[in-house]
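A.B. asks: Structure incoming, see below.
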Amino acid sequence: MNGIIPRSKAKGTDICGANGYYYIIRSDLGCYMQIRSIDRGSEISIWSLHPACQNGDHYIGSRDGYINIIKGNSYRRVKNLTTDIGAEVHSLPPNCRGGDHYVLNIEYFYIIFQEKGTYRRTENMNEDSDGVEYNVDPDCRNGLYYWGNSHNSFFLKPVSEWGYEFSGIDFRNDKRTGVYSVHPDVLNFLPGGLAVTKGPAFGIWENIKTITNDSNTPVTWQTKINKKVGYNKEKMSQITHNWKISSSVTAESGDLAKLITKAQFSFSAEYGGSHVRTDNESWNEATEEEEQLTFELKPNESVYLWQYKLGLGHEPVLFCRDSKITDDPNPPTEVPLPLKQS
């Protein structure tokens, strides 16, 4: 289980730097995180992502404070990802197209081609001025995300025994510089990150009641059962406690922790998800619901009442509406939720 989904497999997700901050874009959530330090988790705020700025192939900062959004063979320059202010659209020169990652630091844009093991350095993506290609240091080729700021370039390394870390890249001298841990608040916002901080998703049938007819005659049984339905809002809201969330995000998206959790369940098991859709489940705060049941029991027969729930790590998170009555003491094996379409 890898946890964090690479940028290449998460359309509209990326990390870039501009104006003294880093920006983590989640188009699937319709918002982005602005943060001063990825290792310290300082000055975190969440802002809505303008529709015109969503679903980019790549997001790159610039020296003049603009953010560049690449889609196909062109890119959009904006001053603000929430308002789309100052938007301009330019074509990418042929040599600057098709990169796996794009990085900016104070001097150049760097376009990384991971399969080739090379990068292209250019002063201007619009003109490909002074464009040259070099080999990427082997230690820097397998990053999940690449980003830069005015002075440095970085990449997020695949998970190791030390968890998720990122390193600096010195393109000029072709080497890796420094290693830093990713702050848990950043992990929680990245796709797949809840599997790292909370544990991978699980789905189980829980036995909520067992009824047995101990007599030698058939009986008609009437009973009321109480089951919890909804999601563990109090527990999951803890992931956003350190975030300053813009009112535009809550107005458009509602409970952000809910959206992040719902997305985590939809991811494949490779990235700590259950690969299921939960749109039709109740995502209100969990409450007890009462249900009246009537059924026939044969002599010395037992029936078992089951409810399906999803969780992360060891914590139940979503108590589903689906329930089942069986005569088998072993839990059902089928998953009652629809699979997420890839």
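The values are calculated or read from the model by the stated rules, or taken from the named source; none is laboratory data. Bear in mind the structure is a predicted one, so any value in this text is a computation, not a measurement. Note that we place each Cβ from the backbone using ideal geometry, even for glycine, and neighbour counts take in every protein chain shown.
A.B. asks: Quick one: would you say residue 100 is at positive phi and at pLDDT 90 or above? Full working, then the answer.
C.D. replies: On the way: at positive phi: no; at pLDDT 90 or above: yes.
Judged against the criteria, residue 100 is not a match.
A.B. asks: Scan segment 29-51 for residues that are closer than 19 Å to residue 69 by Cα and touching a helix residue (DSSP H, G or I) at 6+ places or on another chain (Cβ under 6 Å) and jot them down.
C.D. replies: Passing the criteria: 29, 30, 31, 33, 46, 48.
A.B. asks: Let me ask something additional. In segment 1-10, how many residues are modelled with pLDDT of 95 or more and either surrounded by fewer than 21 Cβ atoms within 10 Å (Cβ to Cβ) or part of a strand (DSSP E or B) (or both)?
C.D. replies: Residues of segment 1-10 modelled with pLDDT of 95 or more: 4-10.
Applying the additional criterion that residues be either surrounded by fewer than 21 Cβ atoms within 10 Å (Cβ to Cβ) or part of a strand (DSSP E or B) (or both) yields 6, 8-9.
Within segment 1-10, residues that are modelled with pLDDT of 95 or more and either surrounded by fewer than 21 Cβ atoms within 10 Å (Cβ to Cβ) or part of a strand (DSSP E or B) (or both) number 3.
A.B. asks: Among 177, 212, which is the only one that is farther than 26 Å from residue 35 by Cβ and of a type outside the set (Asp, Glu)?
C.D. replies: Working: 177 fails: farther than 26 Å from residue 35 by Cβ.
Just a single option satisfies the conditions, and that option is 212.
A.B. asks: Please verify whether residue 16 is among the hydrophobic types (A, V, I, L, M, F, W, C), more than 16 Å from the chain's Cα centre (by Cα) and under 23 Å from residue 152 (Cα atoms), treating the condition exactly as stated. Give the steps one after another, and end with the answer.
C.D. replies: Values: among the hydrophobic types (A, V, I, L, M, F, W, C): yes; more than 16 Å from the chain's Cα centre (by Cα): yes; under 23 Å from residue 152 (Cα atoms): yes.
Spelling it out, residue 16 is indeed among the hydrophobic types (A, V, I, L, M, F, W, C), more than 16 Å from the chain's Cα centre (by Cα) and under 23 Å from residue 152 (Cα atoms).
A.B. asks: Determine whether segment 176-189 contains at least one residue that is part of a loop (DSSP other than H, G, I, E, B), closer than 30 Å to residue 43 by Cα and modelled with pLDDT of 95 or more. Even if it seems obvious, please write down each step before you answer.
C.D. replies: Pass one, segment 176-189, residues part of a loop (DSSP other than H, G, I, E, B): 182-183.
Restricting the remaining residues to those that are closer than 30 Å to residue 43 by Cα gives 182-183.
Applying the additional criterion that residues be modelled with pLDDT of 95 or more yields 182-183.
The answer is yes; a qualifying residue exists.
A.B. asks: Now a separate question. How about segment 37-55: which of its residues are surrounded by fewer than 22 Cβ atoms within 10 Å (Cβ to Cβ), touching a residue at least 40 places away in the same chain (Cβ under 8 Å) and either assigned to a loop (DSSP other than H, G, I, E, B) or not hydrophobic (A, V, I, L, M, F, W, C) (or both)?
C.D. replies: Matches in segment 37-55: 37, 39, 40, 41, 44, 45, 54, 55.
A.B. asks: Identify, by number, the condition in (1) part of a strand (DSSP E or B); (2) among the polar types (S, T, N, Q); (3) touching a residue at least 24 places away in the same chain (Cβ under 8 Å) that residue 34 doesn't meet.
C.D. replies: Unmet condition: (3).
A.B. asks: For segment 202-239, what are the residues that are of a type in the set (Ser, Thr, Tyr) and touching a residue at least 40 places away in the same chain (Cβ under 8 Å)? Working first, answer last.
C.D. replies: Taking segment 202-239 first, the residues of a type in the set (Ser, Thr, Tyr) are 210, 212, 215, 217, 220, 223, 231, 237.
210, 212, 215, 217, 220, 223, 231 - these are the residues of segment 202-239 that are of a type in the set (Ser, Thr, Tyr) and touching a residue at least 40 places away in the same chain (Cβ under 8 Å).
A.B. asks: Among the listed residues 203, 178, 199, identify the single one that is more than 16 Å from residue 256 (Cα to Cα), out of contact with any Gly (no Cβ under 7 Å at 6 or more places or on another chain) and small (Gly, Ala, Ser).
C.D. replies: Values: 178 fails: out of contact with any Gly (no Cβ under 7 Å at 6 or more places or on another chain); 199 fails: out of contact with any Gly (no Cβ under 7 Å at 6 or more places or on another chain).
That would be 203, the only listed residue that is more than 16 Å from residue 256 (Cα to Cα), out of contact with any Gly (no Cβ under 7 Å at 6 or more places or on another chain) and small (Gly, Ala, Ser).
A.B. asks: In segment 119-160, which residues are without any contact (Cβ under 8 Å) to a residue 40 or more places away in the chain, in a loop (DSSP other than H, G, I, E, B) and hydroxyl-bearing (Ser, Thr, Tyr)?
C.D. replies: Residue satisfying the conditions is 129 alone.
A.B. asks: Quick check on residue 271: is it surrounded by 21 or more Cβ atoms within 10 Å (Cβ to Cβ) and among the aromatic types (Phe, Trp, Tyr)? Working first, answer last.
C.D. replies: Details: surrounded by 21 or more Cβ atoms within 10 Å (Cβ to Cβ): yes; among the aromatic types (Phe, Trp, Tyr): yes.
Yes.
A.B. asks: In addition: Given the criterion at pLDDT below 95 and out of contact with any Lys or Arg (no Cβ under 6 Å at 6 or more places or on another chain), identify the matching residue among 85, 106.
C.D. replies: Values: 85 fails: out of contact with any Lys or Arg (no Cβ under 6 Å at 6 or more places or on another chain).
Answer to the check: 106.
A.B. asks: I'd like to verify a number: residues in segment 74-113 that are free of Cβ contacts under 8 Å to residues at least 24 places away in the same chain, exposed (fewer than 14 other Cβ atoms within 10 Å of the Cβ) and among the hydrophobic types (A, V, I, L, M, F, W, C), how many?
C.D. replies: Residues flagged as free of Cβ contacts under 8 Å to residues at least 24 places away in the same chain, exposed (fewer than 14 other Cβ atoms within 10 Å of the Cβ) and among the hydrophobic types (A, V, I, L, M, F, W, C) within segment 74-113 amount to 2.
A.B. asks: When the residues of segment 19-36 are narrowed to those that are closer than 18 Å to residue 189 by Cβ and more than 16 Å from the chain's Cα centre (by Cα), which ends up surrounded by the most Cβ atoms within 10 Å (Cβ to Cβ)?
C.D. replies: Filtering segment 19-36 down to residues closer than 18 Å to residue 189 by Cβ leaves 21-36.
From what's left, more than 16 Å from the chain's Cα centre (by Cα): 21-22, 35-36.
Working: 21: 16, 22: 21, 35: 24, 36: 13.
In this case the residue turns out to be 35.
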